[in-house]
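Peer 1: First the structure, then my questions, so here it is.
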Amino acid sequence: MNIVRRGGQVVSSFFKVYGPSNLKQRLWDKEFSGDKWNFMDDTSSDCVYPHLEKYIRGGDILDLGCGPGNTANELAENAYRTYVGVDISESALAKGLKRTQENGRTDRNSFACSDFLAYNPTRDFDVILFRESMYHIPFGRVLPILEKYAKHLKKSGVFIVRLYTRDIKTGKQKNRVTSKIDLIKRDFDVVESAQYNTPGMPTVLIFRPRARS
């Protein structure tokens, strides 16, 4: 990869996290309108699904940063009642809606176009999922964002986060990712934690707000 191209990717990655919502939307729409993310069209073997099915218990799921609606269409249909996917990219959501229509799930899947950092749910959920989107939350906003959404968990509800803790190609540890995981473990009650010995060492963390005295 040449220096100019790599520099452009670094700048784009920075603005996807720290940029204003309208700029983030343009960047994501451009990528999802092309073929950059086509490799993720089928993620049915993702390690997160068994955990989702275990904790959703036929209930309601909020998927923050849902992309092209993989979870909405790959999660076992009898595992959940309703699904709300939130993403900033209209192009990504168009793909999710198309798949939902093709799969006959329009009665249970819905999507909202919004920067999930600013999204305000109108009801409570059994599972709130950050499947990849935790990458795009600035470190200093991780706890405030989780505390905001914790108000929309049902009494027995949980957060589920799935992150790659190592670079898939080089195997190098992602220190920013592991720091976020450590932060969550420090401030929330961890119900379950699993790490998989596959490329990227994906980690699934299930947790809920800590009881306050």
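The values are calculated or read from the model by the stated rules, or taken from the named source; none is laboratory data. Just so it is clear, the model here is predicted, and its values are computed rather than measured. With ideal geometry, Cβ positions are generated from the backbone for all residues, glycine too; neighbour counts draw on all protein chains shown.
Peer 1: For the stretch 98-118, which residues satisfy the criterion of being modelled with pLDDT of 95 or more and buried (at least 20 other Cβ atoms within 10 Å of the Cβ)?
Peer 2: Thr100, Asn109, Phe111 - these are the residues of the stretch 98-118 that are modelled with pLDDT of 95 or more and buried (at least 20 other Cβ atoms within 10 Å of the Cβ).
Peer 1: Quick one: would you say Thr198 is modelled with pLDDT under 95 and out of contact with any strand residue (DSSP E or B) (no Cβ under 6 Å at 6 or more places or on another chain)? Spell out the reasoning first.
Peer 2: Values: modelled with pLDDT under 95: yes; out of contact with any strand residue (DSSP E or B) (no Cβ under 6 Å at 6 or more places or on another chain): yes.
So Thr198 passes the test.
Peer 1: Every residue in the stretch 155-183 that is exposed (fewer than 14 other Cβ atoms within 10 Å of the Cβ) and part of a strand (DSSP E or B), please.
Peer 2: Lys155, Ser156, Gln173 - these are the residues of the stretch 155-183 that are exposed (fewer than 14 other Cβ atoms within 10 Å of the Cβ) and part of a strand (DSSP E or B).
Peer 1: Hey, another quick one. Yes or no: the stretch 105-121 includes at least one residue that is aromatic (Phe, Trp, Tyr), out of contact with any helix residue (DSSP H, G or I) (no Cβ under 7 Å at 6 or more places or on another chain), touching a residue at least 12 places away in the same chain (Cβ under 8 Å) and part of a loop (DSSP other than H, G, I, E, B).
Peer 2: Our first condition is that a residue be aromatic (Phe, Trp, Tyr); within the stretch 105-121, this holds for 111, 116, 119.
Adding the requirement that they be out of contact with any helix residue (DSSP H, G or I) (no Cβ under 7 Å at 6 or more places or on another chain) leaves 119.
Next cut, touching a residue at least 12 places away in the same chain (Cβ under 8 Å) only: 119.
If we keep only those that are part of a loop (DSSP other than H, G, I, E, B) too, we end up with 119.
Yes.
Peer 1: Within the bounds of the stretch 74-87, is there any residue that is surrounded by fewer than 22 Cβ atoms within 10 Å (Cβ to Cβ), in contact with an Asp or Glu (Cβ under 9 Å, 6 or more places away or on another chain), part of a helix (DSSP H, G or I) and touching a residue at least 24 places away in the same chain (Cβ under 8 Å)?
Peer 2: yes
Peer 1: What is the one condition in (1) modelled with pLDDT of 95 or more; (2) farther than 20 Å from Glu53 by Cβ that Asp126 does not satisfy?
Peer 2: If we test Asp126 against (1) modelled with pLDDT of 95 or more; (2) farther than 20 Å from Glu53 by Cβ, just (2) comes out false.
Peer 1: Step by step: first the residues of the stretch 129-154, then only those that are more than 17 Å from Thr203 (Cβ to Cβ), in contact with an Asp or Glu (Cβ under 9 Å, 6 or more places away or on another chain) and among the basic types (Lys, Arg), then the one that is surrounded by the most Cβ atoms within 10 Å (Cβ to Cβ). Which residue is that?
Peer 2: Lys154
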